[in-house]
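The values are calculated or read from the model by the stated rules, or taken from the named source; none is laboratory data. Predicted model, so just to flag it, every value in this text is computed and none were measured. Here the Cβ is made from the backbone with ideal geometry for all residues, glycine too, and neighbour counts use every protein chain on show. The protein model used for the area step is the full one, side chains on, heavy atoms only, and it has no ligands, DNA or RNA in it. Shrake-Rupley method; radii C 1.70, N 1.55, O 1.52, S 1.80 Å.
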Protein chains: 2
Amino acid sequence: MTDQLSPAPAAQIESQRELVAAGLLLETGVPGVFGHGAVFERLRHQLAARIRRDTAALGAEHMHFPPVLPRQLVEGSGYLDSFPQLAGTIFAFDGNERDAIEQRGLIAAGRDWSKHQRMTDLMLVPAACYPAYPVIAARGPLPAGGAFLDLGGSWVFRHEPSQDPARRQIFHQHEIVRIGAPDAVEAWRGEWADRGLALMRALGLEATVEDANDPFFGHGGKMLAASQREQHLKLELLVPIAGEQPTAVASFNLHREHFAEVAGLVFADGGPVHTACTGFGHERIVLALLRAHGLDPDTWPQTVRNELGL
Amino acid sequence: MTDQLSPAPAAQIESQRELVAAGLLLETGVPGVFGHGAVFERLRHQLAARIRRDTAALGAEHMHFPPVLPRQLVEGSGYLDSFPQLAGTIFAFDGNERDAIEQRGLIAAGRDWSKHQRMTDLMLVPAACYPAYPVIAARGPLPAGGAFLDLGGSWVFRHEPSQDPARRQIFHQHEIVRIGAPDAVEAWRGEWADRGLALMRALGLEATVEDANDPFFGHGGKMLAASQREQHLKLELLVPIAGEQPTAVASFNLHREHFAEVAGLVFADGGPVHTACTGFGHERIVLALLRAHGLDPDTWPQTVRNELGL
């Protein structure tokens, strides 16, 4: 399909132009898909290490997943009901030598060449925590304290091409996951909202935490979004990046029993299992830092440099 | 499509079982797609840092690219002529609310739901160096010394499901790229083959360098493979991982004028531009280390631990 662009305000387009001119971002030619120059990537790496320092001190188990996951996992999760417009499916060639020659001809002619492409068993990761639940479930009943995971910076895909430098089609989401008894999980979510706010302020960023909702698809999605806000299931950490409106750089999400039921997470005594996740958007936080403190990290306030180990 | 498995010898299946049981690899349920436990990921990370230490000392520019890239870039590269069977294309939903409901019904019924999925502008990265050439070309004519890049560990996709733990569908390829005059590029490739061999031996691995060829598709592919070997365009670094045959853990590739022509890389004086790349397979090297020195890095020889900064 010809991807349709979301419009972006002038301030966001100008901001992106500056970041590219400074070599911080590398354009690929597709909106919302960027490479990182050395300075941007170093900042992202140090931010990840800063977050991991906290989770290590708190005893989180570290795991790391690739940018693709089993299609079956997404199919069984309800994601495609709520966000069909955002998911990326992976197709591959399914044919013989004659088909390959036909495909080659279609490509050379600039025509649609999807004819010999078939859906594989894989999709792009829609949210970093999805692959973690089955891994924990496969270990058997949860220990009494549940589980606490740091998944590091995972590549996550959202099919929403945009000229806004903060709205990527593919970006690093650093998710921290808690699995356990409902009260413990809800308390953990609140603690992480506080911790996220404190971290942004220590990094010299103006931050607030607010109720939010996910971009549910279609008319039915409006009700889901309203219900999510009403029940305070999603909190977002907002920070200025470009233009007037602040941008969400992290979220703190209560899933209730959803992922526990989907993955078959249980306590030995049969007690209820809830899950929650905290997700930090690496690229958005780095963009906010560049906006707040300037494009050259060598000139940033020493307190911010110390916080990031620069 | 129902992905067909390449058969794997018993030694490889047993090796994979051990790595999963030890928590080093995390199974996802799809062959050749694994998460990494904390120990495996730490080893991979330290290996990347070890490689980057060399490239930094030699003055390489560091860049980092996401696991997806413009489809147009792959279409224009010839990759789909040579390796149509390995490429991953990204599709996404293209429809209205009624289509979303129909798609949901197909998923719930366990049926093929590709009807409302359309090819997007993106593909999965087939080799880590692909996104780098247009970025360098966009800067204008090359400086006299050409360019030297370290792309770090990039996620690369190959659609070849297998039970061999060393044959992943998605893995980290750490590519180092040289762009310049033909003689300089050819000399650089030879130096990196020596450097790769020395690194593997410093890591306590039995390594050899041999002529090799890429897995070109179909009958015509056999001639391309023979020609590639005859011209010594591809060298591979082979190391034992599982079973009798050693496995390629790195390659050193001369592209001649191919990528320079495709991307429009030129010298100001119009002299010929060649490119070459060195690619280290992070996961395969970590697997080779685990096989050579055991599953617990705390017990590895001190020289190897020092080399990796463990």
**Report entry** Relative contact order of region A:153-283, pairs being alpha-carbon contacts under 8 Å that are 6 or more residues apart, as %
**Finding:** 30
Report summary line: Residues whose built amide H sits under 5 Å from the amide H of A:A87, excluding neighbours closer than 5 in sequence, are A:H159, B:F93
Query raised in the report: Mean projection of the alpha-carbon convex hull of region A:120-231 over all orientations, in nm²?
Result: 10.1
Requested in this report: Kindly provide the helix-only [θ] at 222 nm of the protein assembly as shown, computed as the sum of -39,500 (n - 2.57) over DSSP H runs of four or more divided by all residues, to the nearest 500 deg cm²/dmol?
Outcome: -11500 deg cm²/dmol
Report summary line: Projected area averaged over all directions for the convex hull of the alpha carbon atoms of the protein assembly as shown, nm², comes out at 27.6
Requested in this report: Every other copy gets compared here: list the nm distances from the A:R201 label point (7 Å along Cα to Cβ) to its counterparts, shortest first, one decimal.
Outcome: 5.8
Query - region B:108-160 and region A:35-79: distance between their alpha carbon centers, rounded to Å - result: 20
Requested in this report: Quick one: what are the phi-derived ³J(HN,Hα) couplings along region A:151-164, Karplus 6.51/-1.76/1.60 with θ = phi - 60°, whole Hz, x for glycine and proline?
Outcome: 8, x, x, 9, 6, 10, 10, 9, 7, 8, x, 8, 8, 6
Requested in this report: Name the helices (complete DSSP H segments) of chain B with a Cα length along the long axis of 15 Å or more and a Kyte-Doolittle mean of at least 1.6, or state none.
Outcome: none
Query raised in the report: Could you state the principal axis extents of the C-alpha atoms in region A:167-256, from the largest down, to the nearest angstrom?
Result: 34, 34, 25
Query - Accessible area of region B:179-310 divided out per residue, in Å², using a probe of 1.4 angstrom - result: 46
Report summary line: Of the convex hull drawn through the C-alpha atoms of region A:73-137, the volume per residue in Å³ is 113
**Report entry** Built amide H within the under 5 Å cut-off of B:L26, gap 5+
**Finding:** B:G35, B:H36, B:G37
Report task. Any chance you could list P(r) for region B:14-103, counting all Cα-Cα pairs in 5 angstrom bins from zero, rounded to whole %? Result -> 3, 9, 11, 10, 12, 17, 19, 10, 5, 3, 1, 0
Query raised in the report: When only the heavy atoms of the protein chains count and the probe is 1.4 Å, how do A:D164, A:D94 rank by accessible area, highest first?
Result: A:D94, A:D164
Requested in this report: Could you pull the accessible area for B:H45 with a 1.4 Å probe, rounded to 10 Å²?
Outcome: 80
Query raised in the report: Chains A and B: how much accessible area gets covered up at their contact, both sides added, probe 1.4 Å, in Å² to the nearest hundred?
Result: 5500
Requested in this report: Could you size up the charge dipole of the protein assembly as shown around its Cα centre, putting +1 on the beta carbon of Lys and Arg and -1 on that of Asp and Glu, and report it in debye to the nearest 20?
Outcome: 240
Report summary line: Heavy-atom accessible area of B:M223, protein chains in place, probe 1.4 angstrom, given in Å² to nearest 10, is 150
**Report entry** Cα-based reach from B:K222 at 19 Å (exclusive), listing lysines while leaving out same-chain residues under 8 positions away
**Finding:** B:K234
**Report entry** For region A:65-191, the Rg and Dmax computed from alpha carbons only, in angstrom
**Finding:** 19.2, 61
Query raised in the report: Check B:T247: other-chain or 5+ apart residues with amide H under 5 Å from its amide H, H built from backbone geometry?
Result: B:V239, B:I241
Query - Average beta-carbon neighbours from other chains, 10 Å sphere, peptide A:115-121 - result: 6
Query - Percent carbon-and-sulfur accessible area, region A:47-174, ignoring ligands, DNA and RNA, probe 1.4 Å - result: 48
**Report entry** Computed over region B:135-174, the ratio Rg/Rh where both radii use C-alpha atoms and Rh is Kirkwood
**Finding:** 1.23
Report summary line: Per region B:208-300, sqrt(5λ) over the Cα gyration tensor eigenvalues, sorted largest first, in Å, gives 33, 18, 10
Query raised in the report: Considering every pair of different Cα atoms, what Kirkwood radius, in Å, is found for chain B?
Result: 21.0
Report summary line: Order by accessible surface, 1.4 Å probe, largest leading, for residues B:T208, B:T120 comes to B:T208, B:T120
Query - A:T303 - accessible surface, heavy atoms, 1.4 Å probe, Å² rounded to 10 - result: 100
Query raised in the report: For region A:125-178, what is the accessible area per residue in Å² when the probe is 1.4 Å?
Result: 24
